[in-house]
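The values are calculated or read from the model by the stated rules, or taken from the named source; none is laboratory data. This is a predicted model, so every value here is computed, not measured. As a convention, Cβ positions derive from the backbone with ideal geometry for all residues, glycine included, and neighbour counts pool all protein chains shown. Each accessible area value is taken on the protein alone, full model and side chains, heavy atoms only, with ligands, DNA and RNA left out. Shrake-Rupley method; radii C 1.70, N 1.55, O 1.52, S 1.80 Å.
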Amino acid sequence: MNAFGIIGAVFAGLAAVIHVAIFALQSVLWSRPTTWRRFGLGSQRDADVVRPMAFNQGFYNLFLALGAGAGLVLVGVPSLEGAGFAVLLFALLSMVLAATVLITSSPALSRAAMLQGAAPLIGVVLLIVGAATR
């Protein structure tokens, strides 16, 4: 793996960590007012109504992080490098597309969408450049 690929892998790992943190907020720490207020909710009642959806969405974020992690592991196995690259790109592009949906459906959440989508987007670009320049 060349320098582009290595830096891309670092951004992929960062994207996975961010998505694990989002999972923790949505699925583990949701009952804390400081958590649900971050998601734009103004009352405990609203948080209670949204809780099942947040819980489910948190697991989506966890699964994307696990996909990125699995891809990173597989890329390090010479006989599975191609499969790892495919899994990694799929997970990262899913993160980018989820961020795109968030920003287009709720422009007020553009900061959250940038947090969710910037690292995987940079990772995708660098991994593809790294693969193209090998």
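Key figures
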| item | result |
| --- | --- |
| Sites VAL77 and LEU109 - FRET efficiency at Förster radius 35 Å, r taken between beta-carbons, to 0.05 | 0.40 |
| For q = 0.17, 0.27, 0.28 Å⁻¹, Debye-computed log10 I/I(0) when each Cα of the range 5-54 counts as one equal scatterer | -0.54, -0.92, -0.97 |
| Among GLY84, GLY117, GLY42, residue whose mean-square fluctuation peaks in a GNM of the chain (springs only between Cα atoms under 10 Å) | GLY42 |
| Apportionment of accessible area to carbon and sulfur, the range 31-134, percent (1.4 Å) | 70 |
| Residues THR133 and LEU66, FRET efficiency given R0 of 35 Å [Cβ-Cβ distance, rounded to 0.05] | 0.75 |
| Structure-derived log10 I(q)/I(0) by the Debye sum over Cα atoms at q = 0.13, 0.20 Å⁻¹: which label, when the choices are (i) -0.61, -1.38; (ii) -0.62, -1.26; (iii) -0.56, -1.06 | (iii) |
| Crossing angle, helix 44-75 versus the chain [Cα axis fit, 0-90 degrees, rounded to tens] | 10 |
| Cut-off 20 Å, label 7 Å out along Cα→Cβ of VAL10, residues of the range 97-117 by amide N | 115-117 |
| Cα centroid separation, the range 40-119 to the range 1-15 (Å) | 17 |
| Charge tally in the Cβ shell below 14 Å around ILE22, where Lys, Arg are +1 and Asp, Glu are -1, ILE22 excluded | +2 |
| Rough spin-label spacing in nm, given labels placed 7 Å along Cα→Cβ, for PHE55 and ALA86 | 3.5 |
